[in-house]
Amino acid sequence: RLAQELNLSVATVSRALNNRSNTSQETKSRVLEITKKLNYEPNPHASSLRRHDSKTIGVILPEVANHFFSLVINGIEEVARDNNYHVLIYLTHDDYQRELSVTRLLVSGRIDGVLVSVASTSQDFAHLDLLRERNIPTVFFDRVYDGLDTAQVTTDNYESSYAVTHHLINNGCRTIAHLAVANSLSIGRIRTQDYVTALRDNDIPFNDELVLYAKTSKRQDVAMIQSILQRRPDINGIFASVESLAMSSYEACQNLGLSILTDIKIIAFSNLEIASLLSPPLTTITQPARAMGREAARTLFEAILENKPISTSQSLELKSELVVRSSTLAAR
């Protein structure tokens, strides 16, 4: 309608509205005057369709019950807002089939980029290769897929897992159970490897019976932990690689009448806000979750806005912090 009112081409009006330098000041003034007269408001969605962008990124998450991922979302949203972008969040509930369908949905739809933390049940990652094939900028964070040549934002899993195990040993633990996420994920392999290394560096034999992998529900996790504690009453330390397994450990110990102060010590990777309020307070490796979200989003937007490819050379590793609380200290 603006073009008709002014007897100008649509392209000329568009350039004037966007204050392009190849449009005369007289034309810009005419367009501005008529927009005021008609109370014209530009449609950002239509504009983005013409530019072949959607002003939207997708975020694929395994869960949100874990406080870590809630903080990551805050970091992502912060950067997205600064760039006037919308964020669509897709939950896989740690299920491979859901991750597969979500990825196919994003590949077939309009999205400018994707941030991904993969499901622990994923065994085949071919669906994620579709993102690169369709030239969709992609950044992995926390739970990553190593097969795609793109940036990853992670924490210092090697150093942290070693420090966790060493801390338990220094506080009197000699039989330590490791509760792990799937070995198909690099995060799971790394945390298990450094648990093993710390044991061997302290002349403690590794026993694969003491490595247990997370199940598909909390009820199953609690039952699994109770079972190993009943079979191996000599276990006096638990290293939980994710927050949910720490909570299941507390429940299992309560069900069995075990004291976390005197019978067993528990430590976990966790950003749980109420860790200090648990009974006893939980010792944690606290990851910089919000910073991870910000850095992953920053790397993605750099690629989107500057139309540049993303490579593994842009990967970042952030430092975590060991926060010692009563769950790993000897009872007074």
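The values are calculated or read from the model by the stated rules, or taken from the named source; none is laboratory data. The structure presented is a predicted model; accordingly, all values stated were derived computationally and were not measured. Counting neighbours? That spans all protein chains shown, and the Cβs are built from the backbone with ideal geometry, glycine included. For accessibility, only protein heavy atoms count, side chains too; no ligands or nucleic acids. Shrake-Rupley method; radii C 1.70, N 1.55, O 1.52, S 1.80 Å.
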Open item on the list: Can you give me the solvent accessible area of residue 134 with a 1.4 Å probe, rounded to the nearest 10 Å²?
Closed with: 130 Å²
TODO: Go ahead and set up a Gaussian network model of the chain, Cα springs under 10 Å, then flag whichever of 175, 284, 12 fluctuates most.
DONE: 12
Task: Overall Cα dimensions of region 131-264 - principal axes, largest extent first, Å - done: 55, 34, 22
Open item on the list: From the mean inverse distance of alpha carbon pairs (Kirkwood) and the Cα radius of gyration, derive Rg over Rh for region 188-332.
Closed with: 1.06
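Quick one, what does Rg over Rh come out to for the chain if you take C-alpha atoms and the Kirkwood Rh? Please report the intermediate quantities before stating the final value.
Numbers: Rg = 25.5 Å, Rh = 22.4 Å.
Checking Rg against Rh, the ratio lands at 1.14.
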Open item on the list: For region 83-169, compute the orientation-averaged projected area of the C-alpha convex hull (one quarter of its surface), in nm².
Closed with: 7.4 nm²
TODO: State which entries of 55/319; 28/308; 215/265; 215/308; 55/218 exceed 28 angstrom in Cα-Cα distance in the structure shown.
DONE: 55/319; 28/308; 215/308; 55/218
Open item on the list: Run the numbers for residue 36 and residue 256: contour at 0.36 nm per residue of separation, minus the present Cα-Cα distance, in nm.
Closed with: 71.8 nm
Open item on the list: For region 181-254, what are Rg and Dmax over the alpha carbons, in angstrom?
Closed with: 12.4, 35
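How much length is gained on full extension from residue 146 to residue 200, taking 0.36 nm per residue of separation minus their Cα-Cα distance?
Numbers: separation 54, 0.36 × 54 = 19.44 nm, distance 2.73 nm.
Between residue 146 and residue 200, full extension yields an extra 16.7 nm.
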Task: Under 5 Å, built H, 5+ apart or other chain: amide partners of residue 213 - done: 180
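Counting DSSP beta bridges in the chain, what percent are antiparallel, to the nearest 5? Please list the in-between numbers first.
Numbers: 3 of 35 bridges.
Counting only bridges with both partners in the chain, antiparallel ones make up about 10 percent.
Using helices alone, I'd like the mean residue ellipticity at 222 nm for the chain: each DSSP H run of four-plus residues gives -39500 (n - 2.57), total over residue count, nearest 500. The partial results should precede the final answer.
Details: 12 runs with 147 residues, N = 332.
So the calculated ellipticity at 222 nm is -14000 deg cm²/dmol.
About its Cα centre, what dipole magnitude does the chain give when the only charges are +1 on Lys and Arg Cβ and -1 on Asp and Glu Cβ, stated in debye to the nearest 20? List each step's numbers first, then the result.
On the way: 34 positive and 37 negative charges, 216 e Å.
Approximately 1040 debye in magnitude.
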Task: the chain - accessible surface per residue (Å², probe 1.4 Å) - done: 49 Å²
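Sequence gap at least 6, Cα distance under 8 Å: using those rules, report the relative contact order of the chain to the nearest whole percent.
Values: 584 pairs, mean separation 63.2, N = 332.
It rounds to 19 percent for the chain.
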- [ ] For the chain, find the longest principal axis of its Cα atoms and tell me its angle to the long axis of helix 96-108, 0 to 90°, nearest 10.
- [x] 10 degrees
- [ ] Please list, in chain and number order, the residues 5+ apart from residue 54 or on another chain whose amide H is under 5 Å from its amide H, with Hs placed from the backbone.
- [x] 112
Task: Low-density loop cleavage sites - GluC sites (Glu not before Pro) in region 230-276, where at most 13 other Cβ are within 10 Å (DSSP) - done: 273
Task: Extended-chain gain in nm, criterion 0.36 nm per residue less alpha-carbon gap, residue 325 and residue 24 - done: 101.6 nm
TODO: List, in order, the whole-Hz ³J(HN,Hα) value for each residue of region 277-283 obtained from phi through the Karplus relation with A = 6.51, B = -1.76, C = 1.60 and θ = phi - 60°; use x for Gly and Pro.
DONE: 9, 5, 10, x, x, 8, 6
